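Data first, discussion second: the structure below is written as structure tokens.
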There are 2 protein chains.
Amino acid sequence: MSVPPGVSERDFQRAVARFESVVGAEWVFTSDEDVALYRDAYSPFVGEAQEKVASAAVAPQSAEQVQEIVRIANEFRIPLYPISTGRNLGYGGSAPVLSGSVVLDLKRMNRILEVDERNAYALVEPGVSYFDLYRHIEERGLKLWIDCPDPGWGSVIGNALDHGVGYTMNPYRDHWGAQCGLEVVTGDGELVRTGMGALPGSRTWQQFKYGFGPYLDGIFSQSNFGVVTKMGVWLMPQPEAYVDCTVEVFGHDDIVPLVDHMNYIMNTGLQNAGTNLQSPIRFAAAANPELRAALASSDPAEIAKLNAFARERGVPFYSNIFKFYGPEEVVRAQLEYTRRRLSSIPGARVRDGAFYRFPITAEQKATVRDPQDLGIPTLETFSIGARSNFAPATRGHLGFSPVIPMRGEDVIESQRVFQRVLQEFGTDVALLVFPQSYHPRTFVILCMFYVMPDAAHNDAVRRTFKRLVEVAAEHGWGEYRTHTAFMDDCAAAYSFNDHALRKLQEKIKDAVDPNGVLSAGRYGIWPQHLRKG
Amino acid sequence: MSVPPGVSERDFQRAVARFESVVGAEWVFTSDEDVALYRDAYSPFVGEAQEKVASAAVAPQSAEQVQEIVRIANEFRIPLYPISTGRNLGYGGSAPVLSGSVVLDLKRMNRILEVDERNAYALVEPGVSYFDLYRHIEERGLKLWIDCPDPGWGSVIGNALDHGVGYTMNPYRDHWGAQCGLEVVTGDGELVRTGMGALPGSRTWQQFKYGFGPYLDGIFSQSNFGVVTKMGVWLMPQPEAYVDCTVEVFGHDDIVPLVDHMNYIMNTGLQNAGTNLQSPIRFAAAANPELRAALASSDPAEIAKLNAFARERGVPFYSNIFKFYGPEEVVRAQLEYTRRRLSSIPGARVRDGAFYRFPITAEQKATVRDPQDLGIPTLETFSIGARSNFAPATRGHLGFSPVIPMRGEDVIESQRVFQRVLQEFGTDVALLVFPQSYHPRTFVILCMFYVMPDAAHNDAVRRTFKRLVEVAAEHGWGEYRTHTAFMDDCAAAYSFNDHALRKLQEKIKDAVDPNGVLSAGRYGIWPQHLRKG
């Protein structure tokens, strides 16, 4: 049996016995085989000594059991690492930041406590996946949509807490933005309800976010201050129709007006949907070293070559899907307006896309291009870099994902800057470098790495990743989320006024988790006894 | 010279001298006349011993000066009470919760640091009013709108921090929701930037809310943990057109389908605008005791009388303005859809309202019904209960404003419940009891009281108010915001698990303001040495 760092074997055995008395022996896992299931399938340290692994796991069934486990952990100073469904692949999965932590596995807390059709919300526990919530709604014939990320097996709560995103309309696709009301066990074992949930018998816990007084929900996201045991989430009433169109532009600089129009259209609420910005020429460049070199250059002659390639071959420099949800006459008017507006970019092509009236048929559902666009969870889109027939075969992927302004100039600049770093380290580690409209008002420049059972390759990935974080920070760009292996690096970049924000986060950490038992090191926040400097 | 509680006169004089050395003697106010200007013009204790008053005021010019003042306050244990423009009338104005506090007046920090047209945001200091920001934008001809509450003289930061609201589109009308990035001096004198502002040279401080790690912004709203010295706010790009219509329903129960349609229309993003729900029959009832009694009754015979009155006189039971912002063809399609959808309520009348193409002319601007609907700040709408020719002449007003679910049944029930309390205490203290769509997904039942230079009247107001808070809590309804006089009462209702939320708020308070120098008592949070029980 492994033992957490700083804990004696005797104390750990006593703690495990106490955990067993709370949840039953069958829900405390200490054998090597059982604990191995909590390894990060996408770890960039796979097979190396630095791989972060758990010492044990315990799976409670209720908030009260979570409280008892947290209290026992306080008594014996056991580091706990809560996970929801443990599917945060690319970001550390179910493995702890601090090796030897005991995973607090919340998978058994999978009750959908309420789904309200008229006011369009749900109250769920952490073990509830997007598939679970979708099925619950479908089985009851409720006219509600969920918003889900690429893989549907993840936790609704876990994804929101990690600031994950989806693909339908604002505000639903920003999963933290669609959150409303929490129940939390803080690091000292107290059970707290936030917002209107603090009012006994409240009727608006899942409907009014702010409650009364300081609005605390945010402190439990990307955090290690508490274990979220219940969360409210706003759902989208089923729209009557959906329509989309794809706008393609063929000039290197066309990204500037394209993004300006995207801003206007999103910020006036005309198109509430997420955008799908792509750079098709970058896919073409994957097989064309000359193009790839030109893409990293700012030489006008090189850019002219790219423009010629794009126009002659009809390969867009950029394309974006504009998606509209609502009554048919409204979404058609929105699409026509978008077509007119975007056609002002010389050479732009607007191509009609899908149209659906809801509910759709089973046949339509089976053939829809991106099921997540219609709030349908799937695992298909997640095949990239997984153990699939996608080439090259890998063990997983992880993404470098800094936030940049939503401006064409910043897209051009950041791609050049990151491409230079990637070239320096060997571009083959990178899959894509293109902007994603994950959140309202900013882009994330997503740069995907493969992780393989190959230490040399993974070492290059790690070094490249760390260098990208540094270079990004030098340019005023920071990560929105990261794999547990890079949390300290990313957090270090947020250093204004001698790391004043981290110091503030640490003050709160010490106040609500004085023994530092929860998720040591998560998002760069360490308990006092493990803090450096 | 008054002296703050618990501070010796000698220490206070030393502190005042130190304040003067920081900001200059002309910006420290200790004379009775000067300090009287910080009285709450709408105090429900006007002329009584319990009126909360300041002992002095100090007006810094920069975040660095705020830090120095906070440090001096820590040294001498001086209670500070930060205000922005001090215009939070109805909620305590510029007067402190703890009598004898020194007002930290941020009016001189009134710089508009940045307005970005392409990405539609501003970075402002606390002394910037809605008028200031509006004028700044107008003078430069920027195609941007602000969203403002009724009175335009308030602080953009102050209103957002108090969870204030406006009248244009989501997400702009929820002022805390439109906030992005803070600079804060915490109670221990540290200067912190939140979100992406923690990354030196960040390019997305006003564009990406969450930053990296625990998202802390919320803890500084409705709070006394820090002094906000800068805030980012999302602005709305000027839409091409505006159109509205008024839907009127004439049956007692028609509120149920009316609100269900409002929910659907808002939650599918079709109508992004705030709603203006009114109950015209309640205005008619003001002069008709029989109607008033019937409105408080659940007797079918009484309700039949009301229905007959509404239909025969053509006085709607409820009316709502649906507002649409966007390209002309889109807003017209949205309006037509709304007309069709709402016409399904038997007897409903849909009346066309205003139509504007932007920019509007000066003449149009002078005649627009509700300027705030078009992002134009004004003071006109604020005349209710102020020293105006509005009858009866008063000294001010304050609102009881609990949050209820956005459902017709809850509107009916809450109005009956509150009306019974008001009748018990004498209905003449109440101006209105109708639901406002202040935030997405909930209503606020707004019940306005006049405050007069009449101790007996004000005593009745205070007793009624406190009773309303209790009765609301018994029904699962809690306040979203309140006058400083009732903060303890309202906070006490949020008592789940032996006041676990308040205890958590107090832990954070103690961690970031260990000497409790900031805004003692605000939103029911007291520093350790003044905490009861």
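The values are calculated or read from the model by the stated rules, or taken from the named source; none is laboratory data. Owing to the predicted nature of the structure, the values given are computational and were not obtained by experimental measurement. Glycine gets a Cβ as well: all are built from the backbone with ideal geometry, and neighbour counts include every protein chain shown.
Right, A:Asn74: under 28 Å from A:Cys148 (Cβ atoms), polar (S, T, N, Q) and touching a residue at least 12 places away in the same chain (Cβ under 8 Å) or not? Working first, answer last.
Working: under 28 Å from A:Cys148 (Cβ atoms): no; polar (S, T, N, Q): yes; touching a residue at least 12 places away in the same chain (Cβ under 8 Å): yes.
In short, no.
State yes or no: is B:Asp34 surrounded by 21 or more Cβ atoms within 10 Å (Cβ to Cβ) and acidic (Asp, Glu)? Reasoning before the result, please.
Details: surrounded by 21 or more Cβ atoms within 10 Å (Cβ to Cβ): no; acidic (Asp, Glu): yes.
No; evaluated as a whole, the condition is false for this residue.
Please indicate, with yes or no, whether at least one residue in segment A:486-507 is touching a Ser or Thr at 6+ places or on another chain (Cβ under 6 Å), modelled with pLDDT of 90 or more and not polar (S, T, N, Q).
Scanning segment A:486-507, I find at least one residue that is touching a Ser or Thr at 6+ places or on another chain (Cβ under 6 Å), modelled with pLDDT of 90 or more and not polar (S, T, N, Q), so the answer is yes.
Please pick out the residue among B:Ala241, B:Ala198 that is under 30 Å from A:Ser223 (Cα atoms), modelled with pLDDT of 95 or more and aliphatic (A, V, I, L, M).
B:Ala198
I'm told A:Asn288 meets every condition in (1) out of contact with any Leu (no Cβ under 9 Å at 6 or more places or on another chain); (2) more than 7 Å from chain B (Cβ to nearest Cβ); (3) in contact (Cβ under 8 Å) with a residue 60 or more places away in the chain except one. Can you identify the failing condition by its number?
For A:Asn288, the exception is condition (3).
Output the residue which, of all residues in segment A:216-235 that are more than 7 Å from chain B (Cβ to nearest Cβ) and outside any strand (DSSP E or B), is surrounded by the fewest Cβ atoms within 10 Å (Cβ to Cβ).
A:Phe220
For segment B:347-377, name all the residues that are of a type outside the set (A, V, I, L, M, F, W, C), free of Cβ contacts under 8 Å to residues at least 60 places away in the same chain and either under 16 Å from B:Cys245 (Cβ atoms) or surrounded by 15 or more Cβ atoms within 10 Å (Cβ to Cβ) (or both).
B:Arg369, B:Pro371
Taking into account only those residues within segment B:434-458 that are more than 14 Å from chain A (Cβ to nearest Cβ) and outside any strand (DSSP E or B), which is surrounded by the fewest Cβ atoms within 10 Å (Cβ to Cβ)?
Per the stated criteria, the residue is B:Ala456.
Test of understanding: among A:Ser43, A:Ser94, A:Ser2, which residue is in a loop (DSSP other than H, G, I, E, B), over 29 Å from the mean Cα position of the chain (by Cα) and either more than 18 Å from A:Glu190 (Cα to Cα) or at pLDDT 95 or above (or both)?
None of the other options fit; the residue is A:Ser2.
Conditions (1) among the β-branched types (Val, Ile, Thr); (2) over 21 Å from A:Ser279 (Cβ atoms); (3) at pLDDT 95 or above, marked per residue:
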residue: A:Gln419; (1), (2), (3): no, no, no
residue: A:Leu422; (1), (2), (3): no, no, no
residue: A:Ala430; (1), (2), (3): no, no, no
residue: A:Pro435; (1), (2), (3): no, no, no
residue: A:Thr442; (1), (2), (3): yes, no, yes
residue: A:Ala456; (1), (2), (3): no, yes, no
residue: A:Ala460; (1), (2), (3): no, yes, no
residue: A:Ala472; (1), (2), (3): no, no, yes
residue: A:Trp477; (1), (2), (3): no, no, yes
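Please work out which residue is surrounded by the fewest Cβ atoms within 10 Å (Cβ to Cβ), limiting yourself to segment B:284-318 and to residues that are closer than 21 Å to B:Glu413 by Cβ and among the polar types (S, T, N, Q).
B:Ser298
Is segment B:483-499 home to any residue that is at the interface with chain A (Cβ under 8 Å from one of its Cβ atoms), aliphatic (A, V, I, L, M) and not in a loop (DSSP other than H, G, I, E, B)?
yes
For the structure I just gave you, tell me whether B:Ile404 is at pLDDT 95 or above, assigned to a strand (DSSP E or B), buried (at least 17 other Cβ atoms within 10 Å of the Cβ) and touching a helix residue (DSSP H, G or I) at 6+ places or on another chain (Cβ under 6 Å). Steps first, answer last, please.
Details: at pLDDT 95 or above: yes; assigned to a strand (DSSP E or B): yes; buried (at least 17 other Cβ atoms within 10 Å of the Cβ): yes; touching a helix residue (DSSP H, G or I) at 6+ places or on another chain (Cβ under 6 Å): yes.
Yes, satisfied.
Counting only residues that are within 11 Å of chain B (Cβ to nearest Cβ), touching a Lys or Arg at 6+ places or on another chain (Cβ under 9 Å) and touching a residue at least 40 places away in the same chain (Cβ under 8 Å), give me the strands (runs of 3 or more DSSP E) lying completely in segment A:110-215 with at least 2 of them.
Answer list for segment A:110-215: A:179-186.
What are the residues in segment A:59-91 that are within 18 Å of the chain's Cα centre (by Cα) and in a loop (DSSP other than H, G, I, E, B), if any?
Across segment A:59-91, the qualifying residues are A:Ser84, A:Thr85, A:Gly86, A:Arg87, A:Asn88, A:Leu89, A:Gly90, A:Tyr91.
Could you list all residues from segment B:297-346 that are of a type in the set (Val, Ile, Thr), in contact with a Leu (Cβ under 7 Å, 6 or more places away or on another chain) and closer than 21 Å to B:Asp260 by Cα?
Across segment B:297-346, the qualifying residue is only B:Ile345.
What's the total number of residues in segment A:501-526 that are buried (at least 20 other Cβ atoms within 10 Å of the Cβ) and at the interface with chain B (Cβ under 7 Å from one of its Cβ atoms)?
9
Here are some residues: B:Ser519, B:Ser495. Which one is out of contact with any strand residue (DSSP E or B) (no Cβ under 6 Å at 6 or more places or on another chain) and of a type outside the set (Phe, Trp, Tyr)?
B:Ser495
For B:Ile508, which of the numbered conditions (1) outside any strand (DSSP E or B); (2) of a type outside the set (Lys, Arg); (3) touching a residue at least 12 places away in the same chain (Cβ under 8 Å); (4) touching a strand residue (DSSP E or B) at 6+ places or on another chain (Cβ under 9 Å) fails to hold?
If we test B:Ile508 against (1) outside any strand (DSSP E or B); (2) of a type outside the set (Lys, Arg); (3) touching a residue at least 12 places away in the same chain (Cβ under 8 Å); (4) touching a strand residue (DSSP E or B) at 6+ places or on another chain (Cβ under 9 Å), just (4) comes out false.
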